[in-house]
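Have a look at the structure below, then the notes.
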Amino acid sequence: QVQLVESGGGRVQVGGSLRLSCVVSGVDIGIAAVAWYMQPPGKERDLVAGMIDDGGFTYADSVKGRFTVSRDNAKNTFYLQMNNLKPEDTGVYYCFITKWNYEYWGQGTQVTVSS
């Protein structure tokens, strides 16, 4: 059974930083594409940052220069470093992987940025 478990969310003030982690079990994340999505209150879930195994990255325009996605295949874990957080970064963050046309989601972790 594949499980993705996020951690690292919480409440932070504007300008602060958080590091989200996604520990994956049941599937090797090697050669998988990994990503983070965010769902603001009352809105749809959208891509924040993604990374494919060969090092290609994609970021939402709103987070470029502030967020960094990374991975440690040996630990079967990937991360989202979030710096200079803004109130509009508030929402539930979900980790996601896709491998061999299968897709898996974490349960989500809340990030709240207060001014």
Round to a whole angstrom and tell me the spacing of the C-alpha centers of segment 1-47 and segment 56-87. 9 Å
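Please give the net charge around residue 66, taking every other residue with its beta carbon less than 15 angstrom from that of residue 66, where Lys and Arg add +1 and Asp and Glu add -1. Could you put the intermediate results ahead of the total?
Working: positive: 19, 64, 86; negative: 61, 88, 89.
With Lys, Arg at +1 and Asp, Glu at -1, the neighbours total 0.
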Scalar couplings 3J(HN,Hα) for segment 24-33 by Karplus 6.51 cos²θ - 1.76 cosθ + 1.60 (θ = phi - 60°), nearest whole Hz, x for Gly and Pro, are 10, 10, x, 8, 7, 7, x, 6, 7, 8
Using a simple spin-label model with points 7 Å from Cα along the Cα→Cβ vector, what separation in nm is obtained for residue 68 and residue 81? 0.2 nm
Modelling each spin label as a point 7 Å along the Cα-to-Cβ direction, I'd like the residue 43/residue 107 distance in nm, to one decimal. 2.6 nm
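Please give the charge dipole size of the chain, origin at the Cα centre, charges +1 on K and R Cβ atoms and -1 on D and E Cβ atoms. Round to the nearest 20 debye. Intermediate values should be presented prior to the final figure.
Details: 10 positive and 11 negative charges, 63 e Å.
Charge dipole, the chain, about its Cα centre: 300 debye, nearest 20.
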State the volume of the convex hull built on the alpha-carbon positions of the chain, expressed per residue in Å³ and rounded to an integer. 94 Å³
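Arrange the peptides 65-73, 101-109 so that the one whose residues have, on average, the most other Cβ atoms within 10 Å appears first.
Values: 65-73: 16.0, 101-109: 14.0.
By packing density, highest mean first, the sequence is 65-73, 101-109.
Computed from the coordinates by the stated procedures, all read-outs in this text should not be read as laboratory data. In this text, all values refer to a predicted model and were calculated from it rather than measured experimentally. Don't worry about glycine lacking a Cβ; one is built from the backbone with ideal geometry, like all the others, and counts go over all protein chains shown.
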